[in-house]
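Presented below is the structure to which this report refers.
Just so it is clear, none of the values below were taken in a lab; they were calculated from the coordinates. The shown structure was predicted, so the numbers you read here are calculated from the model rather than taken from an experiment. Neighbour counts are summed over all protein chains in view; Cβ atoms, including those assigned to glycine, are modelled from backbone coordinates with ideal geometry.
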Amino acid sequence: MRLLVVGAGTAGWLTAASIKRNCPHIDVTLLHDPSIKSIGVGETLVWSMPRYFHDILGLKSRREWMKRSNATFKIGMSFQNMGTLGAVVDSAYAPDLSSKWLYSSQDPKTIFDYQYGHESAEGSLLEIWINLHNGGKYGDLLQSPFPGLADGHYFGEYKTSIIDKEGNWLLSSELNGYSYNYDASEVGNVIGELVGRPFGVKEVHGNVQSVVTEGDNIKELLLSDGRTITSDIYVDCTGFKKQLIKHLPFKWHSCDEYVNNSALVKPIFYDGSDNRARLPSNRSAMYGQKNGWSFEVPLAHRTGNGYVFNSRITPDVNQIADEYNEFLGPENKEGDLRLLQWDPGYYKQIMVGNCMTFGLAWGFIDPYSANNLAHTIQMLQLMIQSGDMDRLSKNPNFISDFRNKYNHRGFQLWDNVEHRLESVFRMTNREDTEYWKIMKDVGERNNTREWVNEYVRERDRMTKFGNKSMLHTYILVAQRMGIKLDNAPITISEETEKRFIDYFMKKKTENEIKARNSMPLKDFYKFFYSDEFPNQHI
Ligand SMILES: Cc1cc2nc3c(=O)[nH]c(=O)nc-3n(C[C@H](O)[C@H](O)[C@H](O)COP(=O)(O)OP(=O)(O)OC[C@H]3O[C@@H](n4cnc5c(N)ncnc54)[C@H](O)[C@@H]3O)c2cc1C
């Protein structure tokens with residue numbers, strides 16, 4: 001089977017390299033126009049990335065690809081003024097599933113699973129957490145719903161690295177509990193260089209001008225220099241240009257007019273003679289602003305920054321630019337703000353005829369949950385590990401089942417994100433500016449807070465809402481906004497409560513000691529990327 005990926009941004013290279021490395025008999029070509037740069041933003045990644053880079057891309061040595069991408073370890077996120085003016089919430093990153101330890105010696109029915117959460121008679125880990133947290137008895141100890149999250153918390157708090165001077169890894173898991181920040185304009189090339197090309201992805205330069213279709217299928221692509229190119233399967237990774245799929249009957253789902261659709265972005269380089277020695281934090285930060293929100297992503301050589309807003313609510317870009325420049329401060333005046341605009345929404349299908357789509361072309365809503373890349377890796381991982389990609393390459397008749405399965409799953413992912421984003425912006429307590437008043441009004445009209453609370457309270461939510469994994473995201477969102485959700489109505493035995501609290505206490509003590517003794521971030525990346533770093537396997 002011939003598979004042609006169009007586009008060499010992060011999504012294009014990820015797709016081509018992942019498929020070729022894991023299904024070597026597929027003939028993979030990557031076509032792109034080097035004169036059209038990748039978008040160059042999108043630098044803070046989801047928690048599933050370390051496992052994907054390790055297992056699917058086979059990038060076992062982190063230092064090698066991270067150094068070339070000026071990447072850093074992301075230990076958590078910091079949220080300021082996001083839902084409540086004055087609220088500052090530091091949240092460490094993804095769960096370390098060793099939280100199962102908590103009940104491992106018990107009846108298997110009581111083993112908690114943070115996503116599926118209904119195994120235990122008393123309630124899921126999250127439900128127990130929300131009850132104890134809302135009860136207020138344990139104060140800061142229960143800041144995070146996952147004991148494993150405490151792994152990263154203190155490394156963020158003390159601005160220290162998760163690897164010590166001897167090169168020892170300090171978190172309890174090597175592939176969970178953290179993620180990466182990377183330079184978005186570099187990482188696609190790095191994946192191409194380290195995985196794509198060595199495993200045999202063929203690269204062709206050219207600009208797709210038009211698409212010849214036959215029914216729902218692509219027959220051939222016409223390039224601007226007159227060449228034509230054909231394939232069995234096509235993958236559109238051309239970003240907001242959607243160069244292939246716009247010619248096919250993909251169905252677009254538009255988000256409503258209250259969803260943000262613009263950003264002013266700018267990289268800010270650290271000054272000083274060694275620019276790898278200035279890292280401000282190992283948490284990416286999100287700040288609620290007057291007319292939207294802004295992000296700061298700490299890389300090894302600079303931060304990636306942007307102010308996200310809705311031009312239908314605030315049409316004057318200069319107003320946003322002035323506000324943002326004031327926020328960034330006079331010391332960060334250098335460099336222009338770049339305006340990015342998009343139509344917030346997503347395609348309801350991932351595949352029509354013989355054409356798939358990944359990355360920004362597939363959809364994009366708000367950078368707060370910029371999940372198109374997370375969805376892309378989730379879909380690729382499933383296609384590869386289930387053997388479906390292999391099956392498709394050997395049996396062309398399988399294409400219809402393949403399309404149905406992935407269209408269904410892809411739609412579910414987007415539907416979840418749209419709901420999560422609604423909860424992020426519309427459960428707000430803020431009323432201090434026109435933008436937040438509008439968000440709050442829309443939320444009240446849509447009963448956003450009520451349905452999120454109902455979802456969290458509802459023991460039978462899997463049947464009622466048809467989704468298993470949303471509970472923890474709503475709880476996290478509310479926590480980051482400084483909002484208390486209703487308790488799930490459960491009774492917790494004294495023994496469970498004691499085990500739970502003992503475990504949190506144990507994690508807190510262990511991690512605080514490790515973090516206090518670890519290397520300060522301001523020195524770490526200089527050392528990590530130097531030849532002196534002792535552990536070459538990390
Ligand atoms: C403001 C903002 C913030 C974001 N923040 C995050 C974040 O924090 N985390 C995250 O995971 N994601 C984030 N994202 C999303 C992230 O940027 C993208 O998912 C990621 O960069 C992948 O982009 P892409 O490869 O789909 O598209 P692009 O990077 O735009 O690449 C498009 C490719 O298509 C090629 N191309 C285009 N037209 C043609 C043509 N006619 N012929 C041939 N080739 C063509 C170009 O040469 C290029 O190689 C953010 C996005 C925005 C807008």
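Things to note:
- Each listed q (0.05, 0.08, 0.12 Å⁻¹) maps to a log10 I(q)/I(0) for the chain, found by the Debye formula over equal Cα scatterers with no solvent: -0.20, -0.54, -1.27.
- In degrees, nearest ten, helix 10-22 long axis to first principal axis of the chain (Cα): 80
- Residue exposure proxy: LYS20, LYS405, ordered by other Cβ atoms within 10 angstrom of their Cβ from fewest to most, comes out as LYS405, LYS20.
- Relative contact order of the chain: 23 percent, from C-alpha pairs under 8 Å at least 6 residues apart in sequence.
- Three-way shape call for the stretch 214-312 based on the alpha-carbon gyration tensor, with the a/c threshold at 1.5: oblate
- Dimensions (Å) - the stretch 262-341, Cα atoms, principal axes, largest first: 42, 23, 19
- Per-residue ³J(HN,Hα) for the stretch 64-73, Karplus 6.51 cos²θ - 1.76 cosθ + 1.60, θ = phi - 60°, Hz, x for Gly and Pro: 5, 6, 5, 4, 5, 9, 6, 7, 10, 7
- ASP55 paired with GLU166, simple spin-label distance in nm, labels 7 Å along Cα-to-beta-carbon: 3.1
- Going from the fewest other Cβ atoms within 10 Å to the most, the residues ILE483, ILE501 appear in the order ILE501, ILE483.
- Degrees, to the nearest 10: 434-446 long Cα axis against longest axis of the chain: 90
- Considered as an equivalent ellipsoid built on the Cα gyration tensor, the stretch 318-363 has semi-axes of 38, 11, 7 Å, the largest given first.
- Considering only TYR52, THR314, ASN134, the residue lying farthest towards the positive end of the dipole of the chain is TYR52, judged by Cα position with unit charges set on Cβ.
- Förster radius 45 Å - calculated FRET efficiency between TRP252 and GLU454, Cβ distance, rounded to 0.05: 0.95
- Mean-position separation - Cα centroids, the stretch 331-361 and the stretch 1-15, in angstrom: 16
- Distance between modelled label sites at THR433 and PHE327, nm, 7 Å Cα→Cβ extension: 0.6
- Taking every C-alpha pair closer than 8 Å and separated by at least 6 residues, the mean separation divided by the residue count of the stretch 262-341 gives a relative contact order of 39 percent.
- Net lengthening on full extension, GLU193/LYS394 (0.36 nm per residue, minus Cα-Cα): 69.6 nm
- Net charge dipole, the stretch 262-341: roughly 320 debye, given to the nearest 20, about the Cα centre with Cβ charges of +1 for Lys and Arg and -1 for Asp and Glu.
- Cα gyration tensor, the stretch 305-417 - rounded (a/c under 1.5), prolate or oblate: prolate
- Cross-link table LYS20/LYS60; LYS241/LYS348; LYS20/LYS219; LYS159/LYS437, entries beyond 29 Å C-alpha to C-alpha: LYS159/LYS437
- Cα gyration tensor category, rounded, prolate or oblate, for the stretch 207-267 with a/c compared to 1.5: oblate
- Cβ charges +1 (Lys, Arg) and -1 (Asp, Glu), total dipole of the chain, debye: 760
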